[in-house]
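The values are calculated or read from the model by the stated rules, or taken from the named source; none is laboratory data. Worth saying up front: this structure is predicted, and the values here are computed from it rather than measured. No Cβ is skipped: glycine too gets one built from the backbone with ideal geometry, and neighbour counts run over all protein chains shown.
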Amino acid sequence: MEQKSKFDKVMGAWDILVIAFGAMIGWGWVINSGDWITTAGFMGSIIAMLIGGLMVFFVGLTYAELTSAMPQCGGEHVFSYRAMGPTGSFVCTWMIILGYVATSAFEATALPTVITYLFPNFNQVYLYSIAGKDIYLTTILLGVGVAILITVINIKGAKTAAMLQTVLTAIIAVAGILLVVGSAVNGDGGNITGQMWEASSGSTLGSVFKVACMTPFLFIGFDVIPQAAEEINVPYKKIGKIMLLSIFLAVAWYLLIIFAVCYIMPNSAIAKEMASQNGLVSAKAIELAFNSPMMGKVLIIGGLCGIITSWNSFLMGGSRALYSMGESLMIPKVFGKLGKNKTPEAAILLCGLACCIAPFFGRGVLVWLVDAASFGCVIAYMFVSISFCILRKTKPEMDRPYKVKAGKFVGVMAVAMAGFMTLLYIIPASFSAALIWQEWIVVGAWLLLGVFFYFYSKKKYGAEFGRDIFIVADDEETEVEDSKIVAINKKYAGKHFVVTVGCEYGSGGPEIAKMVADYFGIEYYDRDLVDKVVDQIGVDKGLVEEADTKIGVRYGFDTSYGVRYANLSNRVIDAQFQAIHDFAGKSSCVIVGRSSDYILRDRNDVLNVFIYAPKKDEIADIMKKKGLNERKASEEWESVEKAQHARHEYITGKKRGDRHTRDILLNSSLLGWRKTADFIIELVEEKYAISDAEVKKKEA
């Protein structure tokens, strides 16, 4: 299904850079630096960050190419759909949402925790304890209050969220730069040599891998950019470059923080601080660098800003991923709608609700959420990397404004590294960070919820489950298309022609029709007509689709097209008639379905084609495209065919494959799709006396 983007393009290059970078640096550098260094030492921590950074860089390269090729809301959802179909897309998107939602919930719990470092007496009115941690009324009120505020900001619009991100990221940068500069001026290289390697338990290599397992959580954030791709007003090629720049800056940031802490603090000082109540090694490091306890509070304020930037980004990313699934009817369609501010309000509210609930569970769930989020993200990264490899092989002709060099090598490396990181979370070993049972409960509950939505949506939406949404040209590109139409009309002056293609589901009709349109360089119209009708008549999209596909919709009032078209469907059908007449009159074109042969029956410049295939071949195509077993594919075929036949018969009074309404009926399995398209092309050239010199050949 094709449609124009419903989002406003409000974010520039700087906006998306700070959204990604602000999400990745967060506040882990404030609270976790001591854990890295005491686990793996200076050099071990550096190597661990480079391992994680290398993994994210290779994965980021795949994201950069795919985002430029498919700049559409949903990111992972769109990439995996094109490569794996709806089931693979569901799994991939559901797991990245786990990463976003769990991380957002983590921030809602972390914020009150960090506040206690600034105000030791903040915890007031004890309520209960979870996992050995006390829960206080003040911490719940703060966490819920900020969750509501960030939710409201995101509902107001992506630009508002980006402005908040810019201010807070600047504060984080100032705090971090002060730490690095102060350490560089007053530190001592001997502090580093005294803690090059650590192995608190197990081997040195195992300690490095333990720290490396923490890095997916640290580097989550660059993937928010493709989630909001439809809201970005930046050339597609540049989007990929900005994404890679954000990864490079984040890796450099963490390396500098490790250097700064180790350069200013000897091993004994780090161990002492880790044993203290707060254990904020980075804050202690800046205190020593400037010989001022006040600077520690400055750094913690930077950490607080990091919590908000991560929270803000992941709420944006999670809501867009939910929106894309709702739009594809993989989850209830209410999540696939935009509010008055052109933001997915229902999806944002759901993410905000999760953040409001998290503070009630307190600090005890922090580490569970961190590991669950990391696990979800590395699985999604692996799916995207695999999708990159699949699309490089199956769709080499796809337009890729930012095309990665050595694509096969990059794809293999991205899959291997993301797969390796995934195994570290699954297989218990001395060098792994396998999830503990509490974390498996978090992951398991999320997976069960996904299974419920998967089967619920398949039952509720039937053949429409997992529908593919293509975003067509914006206004600027539409002007280019209009110019192309003028050129086509001029090129084929006196030889205006229209090809209508009716087809059975799974016969390859749309694909064959597209080949014909591409060969002649003329317009191609498919199921996007439904959405064009929505734009024209202002009817709710769901109602239009119901009128378009539901069996038994009666048309009981007289209209200009007869008594068959009435009630809601009267407006829908009438608008579709007008749209098809407009398309046929504007320029030479190919129109698929929509009973266009009947609608254009009074024109003498139309060639009507109907494409079919043996049922077993059509079902096999559905199985391949949608990843369904034979039974499910057969059920879907029956449902779609029944609806299409009913609609066509209501409109025309004739059967869909009636030979009396078509010029030619073709079995696409007889010659194959490509040769069937060639046969139609020859027929068009013969019918309209078009010479080879007049034909715009498709570029190799």
*Look at region 149-170 and say how many of its residues are over 24 Å from the mean Cα position of the chain (by Cα) and closer than 17 Å to P112 by Cα.*
1
*Of all residues in region 124-136 being at pLDDT below 90 and not β-branched (V, I, T), which is surrounded by the fewest Cβ atoms within 10 Å (Cβ to Cβ)?*
G132
_Can you find, within region 475-505, the residue that is modelled with the lowest pLDDT among those that are among the charged types (D, E, K, R) and not in a helix (DSSP H, G or I)?_
K495
*Among the residues of region 276-333, which ones are under 20 Å from A105 (Cα atoms) and polar (S, T, N, Q)?*
T309, S310, N312, S313, S319
*List pairs: first in region 434-455 and part of a helix (DSSP H, G or I), second not aromatic (F, W, Y), Cβ under 6 Å, 6+ apart or cross-chain?*
E439/D371; E439/A372; V442/A372; V443/A372; W446/L98; F453/I331
*Single residue of I611, I664, I651, I599 found to be of a type in the set (V, I, T), farther than 24 Å from H496 by Cα and either touching a strand residue (DSSP E or B) at 6+ places or on another chain (Cβ under 9 Å) or surrounded by 15 or more Cβ atoms within 10 Å (Cβ to Cβ) (or both)*: I651
*Does region 245-260 contain any residue that is under 25 Å from the mean Cα position of the chain (by Cα), of a type in the set (F, W, Y) and more than 28 Å from A285 (Cα to Cα)?*
no
_Quick check on region 283-296. Is at least one of its residues touching a Ser or Thr at 6+ places or on another chain (Cβ under 6 Å), of a type in the set (A, V, I, L, M, F, W, C) and at pLDDT 90 or above?_
yes
*Quick one: is A347 of a type outside the set (D, E), surrounded by fewer than 16 Cβ atoms within 10 Å (Cβ to Cβ) and free of Cβ contacts under 8 Å to residues at least 40 places away in the same chain?*
no
*Just name the residue that is farthest from the chain's Cα centre (by Cα) out of those in region 46-62 that are under 11 Å from T215 (Cβ atoms) and crowded, with 23+ Cβ neighbours inside 10 Å.*
A48
*asked:* Condition check: surrounded by fewer than 17 Cβ atoms within 10 Å (Cβ to Cβ), of a type in the set (F, W, Y) and under 15 Å from V56 (Cβ atoms). Does F420 satisfy that?
replied: yes
*Only one of these is farther than 30 Å from I46 by Cα, in contact (Cβ under 8 Å) with a residue 12 or more places away in the chain and either surrounded by fewer than 18 Cβ atoms within 10 Å (Cβ to Cβ) or touching a Ser or Thr at 6+ places or on another chain (Cβ under 6 Å) (or both): P216, P235, P226. Name it.*
P235
*Within region 577-597, identify whether any single residue is modelled with pLDDT of 80 or more, under 23 Å from S328 (Cα atoms) and not in a helix (DSSP H, G or I), and answer yes or no.*
yes
*Tell me, which helices (runs of 4 or more DSSP H) lie completely within region 4-119 with 3 or more residues that are within 30 Å of D468 (Cβ to Cβ)?*
13-25, 33-69, 76-118
*Quick one: which helices (runs of 4 or more DSSP H) sit completely within region 269-357 and have at least 2 residues that are closer than 30 Å to P71 by Cβ?*
293-327, 345-357
*Please give the number of the condition V472 fails out of (1) in contact with a strand residue (DSSP E or B) (Cβ under 6 Å, 6 or more places away or on another chain); (2) modelled with pLDDT of 90 or more; (3) among the aliphatic types (A, V, I, L, M).*
(2)
*asked:* With the structure loaded, tell me whether K403 is over 20 Å from G318 (Cβ atoms), of a type in the set (K, R) and assigned to a helix (DSSP H, G or I) or whether it fails that test.
replied: no
*Scan region 364-378 for residues that are β-branched (V, I, T) and buried (at least 24 other Cβ atoms within 10 Å of the Cβ) and jot them down.*
V378
*Enumerate the pairs (first residue in region 74-88 and farther than 15 Å from C389 by Cα; second residue anywhere and surrounded by fewer than 24 Cβ atoms within 10 Å (Cβ to Cβ) and modelled with pLDDT of 90 or more) with beta-carbon separation below 6 Å, excluding pairs fewer than 6 apart on the same chain, so at least 6 apart or on different chains.*
none
*Give the number of residues within region 175-208 that are closer than 29 Å to I51 by Cβ and in a helix (DSSP H, G or I).*
20
_Restricting to region 242-262, name every residue that is crowded, with 22+ Cβ neighbours inside 10 Å and among the aromatic types (F, W, Y)._
Y254
*Which residues, taken from region 627-679, are of a type in the set (V, I, T) and modelled with pLDDT under 85?*
V640, I651, T652, T661
_For region 94-153, give me each residue that is touching a residue at least 40 places away in the same chain (Cβ under 8 Å), hydrophobic (A, V, I, L, M, F, W, C) and within 17 Å of C305 (Cβ to Cβ)._
F106, A108, A110, L111, V114, I115, L118, L142, V146, A147, I150, I153
